[in-house]
1. Mind running the shape call on the chain? Use the C-alpha gyration tensor, a ≥ b ≥ c as the square roots of the eigenvalues: rounded below 1.5 for a/c, prolate if a/b tops b/c, oblate otherwise.
2. Just for the chain, what percent of DSSP beta bridges are antiparallel, to the closest 5?
3. Mind checking the log10 I(q)/I(0) for region 243-368 at q = 0.13, 0.17, 0.19, 0.22 Å⁻¹? Debye, one equal scatterer per Cα, no solvent, two decimals.
4. Less than 15 Å apart at the alpha-carbon level, and either on another chain or at least 8 residues along: which aspartates and glutamates does that give for Lys316?
5. If the viscosity is 0.890 mPa s and the temperature 25 °C, what Stokes-Einstein diffusion coefficient in µm²/s follows for region 51-195 when Rh is the Kirkwood radius over Cα pairs?
6. What do you reckon, how do Tyr193, Tyr344 stack up by accessible area (1.4 Å probe), largest on top?
7. Just order 163-172, 361-370, 6-15 by mean Cβ neighbour count inside 10 Å, highest at the front, would you?
8. List the aspartates and glutamates whose Cα lies under 13 Å from the Cα of Lys162, skipping any in the same chain that are fewer than 8 positions away.
Amino acid sequence: MGMTMTQKILAAHAGLDKVEAGQLIMAKLDLVLGNDITSPVAINEFGKNGFDKVFDNTKIAMVMDHFVPNKDIKAAQQTKQCRTFAGKYSITNYYDVGQMGIEHALIPEKGLAAPGDCIIGADSHTCTYGALGAFSTGIGSTDMAAGMATGQCWFKVPSAIKFTLTGELKPNVSGKDVILYIIGKIGVDGALYRSMEFTGSGLHTLSMDDRLTMANMAIEAGAKNGIFEVDDKTLEYVKDRVNREFTVYKADDDAVYDEEYVINLSEIPSTVACPHLPENTVPASELSDIIPDQVVIGSCTNGRISDMEKAAKILKGRHVAKNIRCIIIPATQAVYKECIKKGYMDIFIDAGCAVSTPTCGPCLGGYMGILADDEIAVATTNRNFVGRMGAKSSKIYLASPEVAATTAIAGHIADPSEV
């Protein structure tokens, strides 16, 4: 009986020839990640347990992104605690104001994640790095503390679901539509503590940004992780970013999967997840009666340069509808600079959008776009739970950058092909 991609990575990091679903293992880590909300808790636990050194100062990353630049005194204190810890232990990959970006966009951009890696992060969307063929998963701050000290973490080896992708996406349909379509198909608990493994001929038609978006939202199906088969696009992406050796793992032909799905990319429409779960998906074309108050384009899911490009293409020469507040948040400083270089900033501002420095901001109801009672947002973020972006009575519709930008112009939710 063969192993899946995830099982092979975990076996290698546990020093074992083979692992099986359900097996408990202790695995070595290639990266331990935290942010300005989760790292302070881990730092406190680190101290309480008497640790006085980190396992490897080059394999820990702290990214100040959720409430940075600081929105209030508490946020400032948390960031100060992280800054002090990073200085004390000479943490190489500490990113603060001016250097930081949204963590799950910044880590791949900086080459800190590579194929075959075993990565944990005290943030549920750490599963993003599966796009590169890594095993990466979210953990709690206590596990982050132990990981920083020992370089290890225990796991229960997950079983897997195989997604074979075929065909090619239609114009103005992207990775966000694919993952929303899949979550709508299997449900928010459809992959509970399992690995979502993506392969097939259609995989090669997806950009790396499409894959990063899809892996990012594996957790929204309850998955332990999402992981993509490594191909030429993956290797090209990491070539000039990752400056260390890595190993590519491919699933065995006789690997065992709980379920298998064949997804024809050419059949997927522009898709929107309605309140209050990511599984409540319908085609964007069926929601023209929804008139939002705010559109947000950004986040760790859709704040990369290709997302900015898609939004700029739609917004160019047009203006945001009077009833809409449109907020655009490039995910990293590099993305921000590229937007300036390519003229996207002029397009966004001329269209009546507000443009922010990189930050998670409104995604988790932090700042830079909180919703009032009964307000509606269309957002390229990853969660639309009750009160996620502000008032409990507010509503969030999750969408692609194409749908979000089109909605901002139309004044109601709209399919990009119809405008």
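1. Numbers: a/c = 1.75, a/b = 1.23, b/c = 1.43.
Note, shape of the chain comes out oblate.
2. Here the antiparallel bridges make up roughly 15 percent for the chain.
3. -0.73, -1.03, -1.15, -1.33
4. Within reach: Asp307, Asp346, Asp350, Glu402.
5. Stokes-Einstein gives a translational diffusion coefficient of 141 µm²/s.
6. Working: Tyr193 75, Tyr344 25 Å².
If we order Tyr193, Tyr344 from most to least accessible, we get Tyr193, Tyr344.
7. My ranking of the peptides, most packed first, is 6-15, 361-370, 163-172.
8. Counting by Cα, and skipping residues close in sequence, Lys162 has these aspartates and glutamates nearby: Glu197, Glu229, Asp252, Asp253, Asp254, Asp258, Glu259, Glu260.
The values are calculated or read from the model by the stated rules, or taken from the named source; none is laboratory data. Note that the structure is a prediction, hence the values are computed from the model and not measured. Using ideal geometry, Cβ is built from the backbone for each residue, glycine included, and neighbour counts are taken over all protein chains shown. Heads up: the accessible areas ignore ligands, DNA and RNA and are worked out on the full protein's heavy atoms, side chains in. Shrake-Rupley method; radii C 1.70, N 1.55, O 1.52, S 1.80 Å.
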